[in-house]
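Trainee: Starting off with a structure, shown below.
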Amino acid sequence: MTVYGFHASHEQFAPGVLLDALRAAERAGFGAGMCSDHLAPWNTRQGHSGHAWTWLGAALQATDLSLGVVTSPGTRYHPVVLAQAMGTLGEMFPGRHWAALGSGEALNERVTGDPWPPKDERNSRLEFSVEVMRALFAGETVHAEDGPWPVREARLWTHPDPVPELYT
C-alpha cells in the first residue's frame, strides 16, 4: 500500500508553523512525515532552521504519524548521542520513528571547526557511525578508540522496542 508523507522543511518555515502544517497533513489523510536536519537554511531567503530533534518530539506527541529525519551522524552529532536521541524517541513512540543517515553537507557540518573531508572519508565515517549505532541498539557496550570519533564504554540504558529503522 502506498503511504503519502509530509516533508517538514525546517529551512523554509518556523517550527511552530511546521507543526501546525503536519497536524493539518494528518487530518488531510497523510500517513507519515519526515523532516530535514539542517543547522542553516540553503539560502537566506528561506530564513529558518529549527532544531529537528526538538521538533520531532513535539511532532510525535502531537500526531499519530510515523516520523523520520534525514540527518548525519558524526561531526555535529556523535553517533552515541544520536543513538540515545533515537532510542529515547523510539521508547516513547514505539515503531513511529526512523532516520535516513547521510554523510553530511558542508553547510551544516563545518560549523564545528573540523576540516571538511572528501566524500570517501565522509562515507567511511558514516559507515563507522552506523556500526556504532546498530551495536548500541543491539544492547552492546561499544568501545572503539580508533574510529573517527572515539567511543569509550558506551551503552544505551533506555532501549526502544522496536529499534528505530536506520536507512543509509
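The values are calculated or read from the model by the stated rules, or taken from the named source; none is laboratory data. Owing to the predicted nature of the structure, the values given are computational and were not obtained by experimental measurement. All Cβ positions, even for glycine, are placed from backbone atoms using ideal geometry, and neighbour counts span all protein chains on display. Areas reflect the complete protein model, heavy atoms only, side chains present, ligands, DNA and RNA absent. Shrake-Rupley method; radii C 1.70, N 1.55, O 1.52, S 1.80 Å.
Trainee: Answer yes or no as to whether L18 is assigned to a helix (DSSP H, G or I), farther than 18 Å from V132 by Cβ and under 18 Å from the mean Cα position of the chain (by Cα).
Mentor: On the way: assigned to a helix (DSSP H, G or I): yes; farther than 18 Å from V132 by Cβ: yes; under 18 Å from the mean Cα position of the chain (by Cα): yes.
Criteria met by L18.
Trainee: Just to check your reading of the model, which residue among P94, P79 is in contact (Cβ under 8 Å) with a residue 24 or more places away in the chain and under 15 Å from V132 (Cβ atoms)? I'd like the intermediate steps shown before the answer.
Mentor: On the way: P94 fails: under 15 Å from V132 (Cβ atoms).
None of the other options fit; the residue is P79.
Trainee: Do you know which residues across region 30-44 are under 15 Å from L19 (Cβ atoms) and buried (at least 18 other Cβ atoms within 10 Å of the Cβ)?
Mentor: Taking region 30-44 as the starting set, the residues that turn out to be under 15 Å from L19 (Cβ atoms) are 30, 33-36.
Passing the criteria: G33, M34, C35, S36.
Trainee: Filter region 6-25 down to residues that are in contact with a strand residue (DSSP E or B) (Cβ under 8 Å, 6 or more places away or on another chain) and open to solvent by 30 Å² or more (accessible area, probe 1.4 Å) and give me whichever is farthest from G95 (Cα to Cα).
Mentor: The residue in question is A21.
Trainee: Kindly check whether there is at least one residue in region 126-144 that is surrounded by 14 or more Cβ atoms within 10 Å (Cβ to Cβ), more than 17 Å from the chain's Cα centre (by Cα), among the hydrophobic types (A, V, I, L, M, F, W, C) and not in a helix (DSSP H, G or I).
Mentor: Yes: one or more hits.
Trainee: Let me ask something additional. Name the pairs: first residue in region 59-74 and at positive phi, second residue open to solvent by 10 Å² or more (accessible area, probe 1.4 Å) and not in a helix (DSSP H, G or I), Cβ to Cβ under 9 Å, at least 6 apart or on different chains?
Mentor: Close Cβ pairs satisfying both conditions: G74/S103; G74/G104; G74/P148; G74/W149.
Trainee: Okay, moving on. Does L56 satisfy the condition of being open to solvent by 10 Å² or more (accessible area, probe 1.4 Å) and assigned to a helix (DSSP H, G or I)?
Mentor: Details: open to solvent by 10 Å² or more (accessible area, probe 1.4 Å): no; assigned to a helix (DSSP H, G or I): yes.
For L56, the condition - open to solvent by 10 Å² or more (accessible area, probe 1.4 Å) and assigned to a helix (DSSP H, G or I) - is not met.
Here's the yes/no breakdown for (1) modelled with pLDDT of 95 or more; (2) of a type in the set (S, T, N, Q); (3) open to solvent by 60 Å² or more (accessible area, probe 1.4 Å):
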site: Q46; (1), (2), (3): no, yes, no
site: T63; (1), (2), (3): yes, yes, no
site: L89; (1), (2), (3): yes, no, no
site: L101; (1), (2), (3): yes, no, no
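Trainee: Collect the residues in region 10-31 that are of a type in the set (D, E, K, R) and either over 18 Å from G68 (Cα atoms) or in contact (Cβ under 8 Å) with a residue 40 or more places away in the chain (or both), keeping them in residue-number order.
Mentor: At the first step, the residues of region 10-31 found to be of a type in the set (D, E, K, R) are 11, 20, 23, 26-27.
Within region 10-31, R23, R27 qualify.
Trainee: Filter region 65-87 for residues that are closer than 16 Å to H38 by Cα, assigned to a loop (DSSP other than H, G, I, E, B) and open to solvent by less than 10 Å² (accessible area, probe 1.4 Å) and give the result. Step through it out loud before you land on a result.
Mentor: Of the residues in region 65-87, the ones closer than 16 Å to H38 by Cα are 68-78, 82.
This time we only want the ones that are assigned to a loop (DSSP other than H, G, I, E, B), so: 72, 74-76, 78.
Residue satisfying the conditions is G74 alone.
Trainee: Still on this model: Would you mind finding the one in P160, P118, P150 that is touching a Pro at 6+ places or on another chain (Cβ under 8 Å) and either surrounded by 15 or more Cβ atoms within 10 Å (Cβ to Cβ) or not β-branched (V, I, T) (or both)?
Mentor: Working: P118 fails: touching a Pro at 6+ places or on another chain (Cβ under 8 Å); P150 fails: touching a Pro at 6+ places or on another chain (Cβ under 8 Å).
None of the other options fit; the residue is P160.
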